[in-house]
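All remarks here apply to the structure that follows.
The values are calculated or read from the model by the stated rules, or taken from the named source; none is laboratory data. Quantities reported herein were computed from a predicted structural model and do not represent experimental measurements. Note: ideal-geometry Cβ built from the backbone for every residue, glycine included; neighbour counts use all protein chains shown.
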Amino acid sequence: MFVAGKSLARFTQDGTKKDRAPVYFYAVDSYGTKAMQLAQILKVGEKSTATDAEFNVDQYGLISGTEAVPGTYVTLSGVTTNGLVKTIKIVFTAGE
């Protein structure tokens, strides 16, 4: 689940691999090998319907906010240290 305290990055700020969300950014180098930690993860506000209070991330990918409302979505961009960007869209649905 996408809950506060989980990380959207493969590595947390301190370099550990704990508390990952079900979906996370995983950088690889040009050979497909595990790469460095991302420079930052950004929420693209104008491309998201979930408010910051419902769902937000810090630059390291740590989730904050209450759980998002079903039917809302967020658009997130992961940026590498050399400027490459990957953008994803997460659509929230009702849980079981």
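Within region 80-96, being surrounded by 17 or more Cβ atoms within 10 Å (Cβ to Cβ) and either more than 11 Å from the chain's Cα centre (by Cα) or among the aromatic types (F, W, Y) (or both) holds for T80, F92.
Looking at region 59-79, which of its residues are more than 12 Å from K43 (Cα to Cα) and either of a type outside the set (D, E) or surrounded by 18 or more Cβ atoms within 10 Å (Cβ to Cβ) (or both)? The answer is G65, T66, A68, V69, P70, G71, T72.
Would you check if there is a residue in region 43-57 being farther than 19 Å from K89 by Cβ and at pLDDT below 80? Steps first, please.
Going residue by residue through region 43-57, those that are farther than 19 Å from K89 by Cβ are 53.
If we keep only those that are at pLDDT below 80 as well, we get none.
Within region 43-57 (the criterion being farther than 19 Å from K89 by Cβ and at pLDDT below 80), the answer is no, since none of the residues qualifies.
Inspect all residues belonging to region 32-52 and state whether any of them is loosely packed, with under 15 Cβ neighbours inside 10 Å, part of a loop (DSSP other than H, G, I, E, B) and acidic (D, E). Yes, some residue in region 32-52 is loosely packed, with under 15 Cβ neighbours inside 10 Å, part of a loop (DSSP other than H, G, I, E, B) and acidic (D, E). Considering only residues in region 20-31 that are in a strand (DSSP E or B) and of a type outside the set (G, A, S), the one that is farthest from D58 (Cα to Cα) turns out to be V28. Filtering region 49-96 to residues that are small (G, A, S) and at negative phi leaves A50, A53, S64, A68, S77, G78, A94, G95.
Residues in region 52-66 that are over 17 Å from Y24 (Cβ atoms) and in contact with a Gly (Cβ under 8 Å, 6 or more places away or on another chain): 3 in all.
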